[in-house]
Amino acid sequence: MTETDTDVIVIGGGPAGLSAALFARKNGLDTVVFDADATWMHKAHLFNYLGIGSVDGSAFMETARAQVDSFGVERHEATVTDVAEGDDGGFVVSTEEGEHAADYVVLATGAKRDLAESLGCAFDGDLVDVGVTMETSVEDAYATGAMVRAEEWQAVIAAGDGAAAALNILSKEKGERYHDFDVPADADGVFGGMSE
Ligand SMILES: Cc1cc2nc3c(=O)[nH]c(=O)nc-3n(C[C@H](O)[C@H](O)[C@H](O)COP(=O)(O)OP(=O)(O)OC[C@H]3O[C@@H](n4cnc5c(N)ncnc54)[C@H](O)[C@@H]3O)c2cc1C
């Protein structure tokens, strides 16, 4: 039995995964995140994330989780054991809770690349092979963050990768190149419920 049937499943809830989830859900796609909570951010202190002076990595994650929650992302603390292409398109993601279906999958598992390998994504050496859209060789499957980079492991890069993946999914869904712009008037309580 399929427990979840959604637009986007994100596997991994570090900066890459939560950024992908934020952009996807904020722009109307039902989005579920499965995360084992072993993000490298728990070991980091950021001085190099533009726009943020100095922040403990776990505190950064707490804010990021509250932000995605405020937009309605469904987050589960769970380990994904398998991801495969579905018989009728889309993907089937397996956890101990059961099987979950989605039209798109975003892999954001940090330096762990086993799920990308079992899904059949092409690799370039040790890295999952993606371009600037973050789409892998498997159509509608994306890979983001540390898993697609050699040493360029910074939170701000991972968050950018996640955003790029979600915007590419949104472009496919909306049938035209899509961007996510807001203006100051939008801050009057329209989005998210978080304030400065
Ligand atoms: C000691 C240290 C210091 C650092 N200092 C800095 C710094 O000062 N500035 C900076 O920008 N960056 C720093 N970094 C790097 C930064 O933490 C990473 O660039 C960033 O966390 C990468 O984000 P990500 O989303 O790609 O992966 P991660 O943050 O590692 O997130 C991956 C997530 O996927 C989950 N996951 C993996 N497999 C599965 C699965 N099968 N099922 C479910 N979930 C899964 C993991 O549990 C984890 O929560 C530091 C890292 C370390 C180790």
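Is there any pair with a first residue in segment 146-171 that is touching a residue at least 40 places away in the same chain (Cβ under 8 Å) and within 21 Å of HIS45 (Cα to Cα) and a second that is in a helix (DSSP H, G or I) and polar (S, T, N, Q) whose Cβ atoms are under 9 Å apart and which are 6 or more apart or on different chains, and what are they?
ALA158/SER19; ALA159/SER19; GLY160/SER19; ASP161/SER19; GLY162/SER19
What number of residues within segment 142-164 are assigned to a helix (DSSP H, G or I) and more than 13 Å from THR109 (Cβ to Cβ)?
Total meeting the criteria: 7.
Restricting attention to segment 169-183, report how many residues are under 17 Å from GLU139 (Cβ atoms) and among the aromatic types (Phe, Trp, Tyr).
Taking segment 169-183 as the starting set, the residues that turn out to be under 17 Å from GLU139 (Cβ atoms) are 169-173, 175.
Subsequent filtering for residues that are among the aromatic types (Phe, Trp, Tyr) retains none.
Residues in segment 169-183 being under 17 Å from GLU139 (Cβ atoms) and among the aromatic types (Phe, Trp, Tyr): 0 in total.
Which of the residues spanning segment 143-178 are closer than 23 Å to ASP56 by Cβ, of a type in the set (D, E, K, R) and in contact with a helix residue (DSSP H, G or I) (Cβ under 6 Å, 6 or more places away or on another chain)?
ASP161 - this is the single residue of segment 143-178 that is closer than 23 Å to ASP56 by Cβ, of a type in the set (D, E, K, R) and in contact with a helix residue (DSSP H, G or I) (Cβ under 6 Å, 6 or more places away or on another chain).
Write out, first by first residue and then by second, each pair whose Cβ atoms fall under 7 Å of each other, whose residues are 6+ apart or on separate chains, and whose first residue, in segment 45-67, is closer than 15 Å to LEU18 by Cβ while the second is exposed (fewer than 11 other Cβ atoms within 10 Å of the Cβ) and of a type outside the set (Gly, Ala, Ser).
Matching pairs, first to second residue: GLY57/LYS43.
Within segment 58-100, restricting attention to residues that are of a type in the set (Asp, Glu) and in a helix (DSSP H, G or I), which residue is surrounded by the fewest Cβ atoms within 10 Å (Cβ to Cβ)? Spell out the reasoning first.
Initial filter on segment 58-100 (of a type in the set (Asp, Glu)): 62, 69, 74, 77, 82, 85, 87-88, 96-97, 99.
In the following step, the residues that additionally are in a helix (DSSP H, G or I) were identified as 62, 69.
On the way: GLU62: 12, ASP69: 17.
Ranking the qualifying residues of segment 58-100, first place goes to GLU62.
For segment 101-116, enumerate the residues that are surrounded by 20 or more Cβ atoms within 10 Å (Cβ to Cβ), within 14 Å of the ligand (Cβ to nearest atom) and among the small types (Gly, Ala, Ser).
The answer is ALA108, GLY110, ALA116.
If I ask for residues that are hydrophobic (A, V, I, L, M, F, W, C), within 8 Å of the ligand (Cβ to nearest atom) and touching a Ser or Thr at 6+ places or on another chain (Cβ under 8 Å), which ones from segment 28-60 would you list?
Selection gives PHE34, ALA36, MET41, LEU46, PHE47.
Any residue in segment 73-89 that's without any contact (Cβ under 8 Å) to a residue 24 or more places away in the chain and closer than 15 Å to ASP5 by Cβ: show its pairings with residues that are hydrophobic (A, V, I, L, M, F, W, C) and in a strand (DSSP E or B) at Cβ separation under 6 Å, as long as the two are six or more apart or on different chains.
GLY86/VAL92
Just for segment 136-158: of the residues that are surrounded by 23 or more Cβ atoms within 10 Å (Cβ to Cβ) and either among the polar types (S, T, N, Q) or near the ligand (Cβ under 7 Å from one of its atoms) (or both), which one is nearest to VAL55 (Cα to Cα)?
Let us first name the residues in segment 136-158 that are surrounded by 23 or more Cβ atoms within 10 Å (Cβ to Cβ), namely 136, 141-148, 155, 158.
This time we only want the ones that are either among the polar types (S, T, N, Q) or near the ligand (Cβ under 7 Å from one of its atoms) (or both), so: 136, 144-147, 155, 158.
Numbers: THR136: 32, THR144: 23, GLY145: 20, ALA146: 20, MET147: 24, ALA155: 12, ALA158: 17 Å.
Here the residue is ALA155.
For segment 117-135, state whether one or more residues are touching a residue at least 40 places away in the same chain (Cβ under 8 Å), more than 10 Å from the ligand (Cβ to nearest atom) and either surrounded by 15 or more Cβ atoms within 10 Å (Cβ to Cβ) or under 15 Å from THR39 (Cα atoms) (or both). First the steps, then the outcome.
Of all residues in segment 117-135, those touching a residue at least 40 places away in the same chain (Cβ under 8 Å) come to none.
Looking for residues that are touching a residue at least 40 places away in the same chain (Cβ under 8 Å), more than 10 Å from the ligand (Cβ to nearest atom) and either surrounded by 15 or more Cβ atoms within 10 Å (Cβ to Cβ) or under 15 Å from THR39 (Cα atoms) (or both), one finds none in segment 117-135, hence no.
FYI, it's all coordinate maths here, none of it is from the lab. Just so it is clear, the model here is predicted, and its values are computed rather than measured. In this analysis, Cβ positions are derived from the backbone assuming ideal geometry, glycine residues included, and neighbour counts consider all displayed protein chains.
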